[in-house]
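Trainee: My questions will all concern the structure given below.
The values are calculated or read from the model by the stated rules, or taken from the named source; none is laboratory data. Please read these numbers as outputs of a predicted model, since none were measured by experiment. The accessibility values were calculated without ligands, DNA or RNA, using every heavy atom of the protein model including side chains. Shrake-Rupley method; radii C 1.70, N 1.55, O 1.52, S 1.80 Å.
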Amino acid sequence: MERVDVQRLVTQRIIKTAYEQTGKRFVPAAGSNRHIHVSAQDLEALFGKGYALTPERALSQPGQFAAKETVSIAGPKGRIDQVRVLGPARGKTQVEILLADAFKLGLPPVVRISGDIEGTPGAAIIGSAGSVEIPSGVIVAMRHVHISAEQAAWLGLQNGDRVSIRKDGARALVFENVPVRCGEGHDLELHLDLEEANAGGIKGG
């Protein structure tokens, strides 16, 4: 069993026990830097025909990984290099940036839940073998909680719920209006972008 799977099982046991004993619902948290999900078609345009991503490390959500490959993102006012590609390939290309990145690129900062890209700004994406221009798909990812159906059952949550999550400590704060994303391929974790995580002094886990 991989280390990430062992950590996930231990964390789930701790959280479930805490809820049963105290009624308090805890959730592990992770802060994500800017990154990109690419479609199979755009992957070939960026890196070459028949290209396959090279997994570098597993991510917390089942089957997902950070790849060794990176791209550059260019907007009307600027460019950001070394943007990590996450795998596997998706149906549509989506770039997830920080609020500060939007100003650097010259794009309007549109906060959306991942996958909801209609009406969002586009950008040029430059890879090692070519480039593509996406008409939409650049978002500032809305914070959200991933959870499996089993985990949702014992925490009393369901897909589409909105929750508030408090972080204690020196930089205590409350994240409000956090959507719950429940279903196959999800595992319990609060996803924040790096700016939100830094605001609360939150490290992965």
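Trainee: I need the shape label for region 33-162. Rule: rounded when a/c is under 1.5, else prolate if a/b > b/c, else oblate, with a, b, c from the alpha carbon gyration tensor.
Mentor: Details: a/c = 2.21, a/b = 1.37, b/c = 1.62.
Oblate, because a/c is 1.5 or more while a/b does not exceed b/c.
Trainee: May I pose another question? Could you state how much accessible area Leu194 has, in square angstrom rounded to the nearest 10, with a 1.4 Å probe and all protein chains kept in place?
Mentor: We get 60 Å² for Leu194.
Trainee: Let me ask something else. Any chance you could give the angle, 0 to 90 degrees and rounded to 10, that helix 3-22 forms with the longest Cα principal axis of the chain?
Mentor: So the helix axis and the longest Cα principal axis differ by about 40 degrees.
Trainee: Return the whole-Å distance between the Cα centroid of region 1-69 and the Cα centroid of region 82-106.
Mentor: One Cα centre to the other: 16 Å.
Trainee: Another question, then. Which ³J(HN,Hα) values in Hz, rounded to whole numbers, follow from the phi angles of region 130-143 under the Karplus curve 6.51 cos²θ - 1.76 cosθ + 1.60, where θ = phi - 60° and Gly and Pro get x?
Mentor: Result, rounded to whole Hz: x, 9, 9, 10, 9, x, 7, x, 9, 10, 9, 5, 6, 4.
Trainee: Give me the percent of the accessible area of region 166-205 that comes from carbon and sulfur atoms, probe 1.4 Å, all protein chains in place. Write out the running numbers ahead of the final one.
Mentor: Values: 990 of 2190 Å².
Answer for region 166-205: carbon and sulfur cover 45 percent of the accessible area.
Trainee: Can you send over the carbon and sulfur percentage of the accessible area for region 1-127, probe radius 1.4 Å, protein chains only?
Mentor: Numbers: 3620 of 6980 Å².
That share works out to 52 percent.
Trainee: So what is the 222 nm mean residue ellipticity for the chain from helices alone, if each DSSP H run of at least 4 adds -39500 (n - 2.57) and you divide by all residues, rounding to the nearest 500 deg cm²/dmol?
Mentor: Calculated from helices alone, the mean residue ellipticity at 222 nm is -7000 deg cm²/dmol.
Trainee: Keeping all protein chains in place, calculate the accessible area per residue for the chain (probe 1.4 angstrom), answer in Å². Numbers along the way, then the final one.
Mentor: Details: 10980 Å² over 205 residues.
Averaged over the residues of the chain, the accessible area is 54 Å².
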